[in-house]
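Encoded as structure tokens, the structure appears first; notes follow it.
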Amino acid sequence: MTRISQEHVIKRWLGLESRKPETPSVDVSSLTEREALDELLNAKPGAASFIWREAPIEWRRVTLSRHAFERLRVIDGPETLSWRALSPDETVLGAARQIARCDGEQLDDLTAKTGVDVGQVLSIAENPPGEPLVLVDRRNCHAPRVMDGNYRATGRALNLVKTDTYDPVSAYLGTSSRPVLKPIRNVVCELVRHRRRM
């Protein structure tokens with residue numbers, strides 16, 4: 001684990017977003033951290049809002065163990081829409097297993113039913129990019145959620161499901177700072193999670 005600045009994470013994430021055709025191109029290097037966050041919030045208001053809602057956040061760059069990767073959860077959202085609809089257990093691995101069980105028209109049906117572009121996941125699985133995922137750890141006894149990179153993570157997980165081979169995945173892990181006084185339950189949860197983690 002390497003500690004990194006929030007500015008670095010925001011600018012890398014914004015840089016990835018600016019490559020998408022539906023997002024206006026931005027010269028990320030010329031922006032201040034605040035300007036970059038404003039641009040990111042405009043591009044990804046739902047996914048990126050945790051950065052200001054849960055501030056301050058400590059950021060680390062990590063390489064996920066297989067166990068930690070298999071436990072990653074998809075982004076928050078309504079149960080019947082998007083990633084949560086694709087993964088009933090809310091894990092990235094669950095989404096990949098759902099895709100692996102389908103073929104042909106079933107894949108199109110899965111895209112229509114969930115709103116997740118399953119074809120994009122399959123394309124990523126063939127040639128996985130190396131950009132780090134953006135994860136948030138809310139210290140609530142649950143595995144981190146993927147806030148950016150659900151397609152990339154699911155593509156990697158699909159390879160894992162098909163080949164039983166794990167190529168290490170890097171991520172920016174954001175963790176909300178701990179309050180000075182923490183309820184006992186949270187302390188116990190954190191200890192349990194730490195034993196299972198990375």
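Roughly how many percent of the accessible protein surface of the chain is carbon and sulfur, given a 1.4 Å probe and a whole-percent answer?
The nonpolar share, carbon plus sulfur, comes to 51 percent.
Under a no-solvent Debye model with one identical scatterer per Cα of the stretch 1-59, what's log10 I(q)/I(0) at q = 0.14 Å⁻¹?
Taken in order of the listed q values, log10 I(q)/I(0) reads -0.36.
Quote the charge dipole size of the chain about the Cα centre in Debye, to the nearest 20; the model charges only the Cβ of Lys and Arg (+1) and of Asp and Glu (-1). It would help to have the intermediate numbers written out before the result.
Numbers: 30 positive and 27 negative charges, 238 e Å.
That gives a dipole near 1140 debye.
What is the spread of the Cα atoms of the stretch 1-104 along each of their three principal axes, largest first, in whole Å?
Computed over the stretch 1-104, the largest-to-smallest principal extents equal 46, 33, 24 Å.
Can you divide the C-alpha Rg of the chain by 2.2 N^0.38 Å and report the result to two decimal places?
So the Cα radius of gyration is 1.04 times the expected 2.2 N^0.38 Å.
With a 1.4 Å probe and every protein chain left in place, work out the accessible area per residue of the stretch 44-148 in Å², rounded to a whole number.
47 Å²
Charges on Cβ only, +1 for Lys and Arg, -1 for Asp and Glu, centred on the Cα centroid of the stretch 1-158; of THR154, PHE50, SER65, which one is farthest towards the dipole's positive end?
Farthest towards the positive pole: SER65.
Can you count the Lys pairs in the chain whose Cα atoms are under 25 Å apart, with each pair 8 or more apart or on different chains?
Here the count comes out as 6.
The values are calculated or read from the model by the stated rules, or taken from the named source; none is laboratory data. All values derive from a computational prediction rather than experimental measurement. Ideal geometry is used to build each Cβ from the backbone, glycine not excepted, and the neighbour counts take in all protein chains shown. SASA here: full protein model, heavy atoms, side chains in, ligands and nucleic acids out. Shrake-Rupley method; radii C 1.70, N 1.55, O 1.52, S 1.80 Å.
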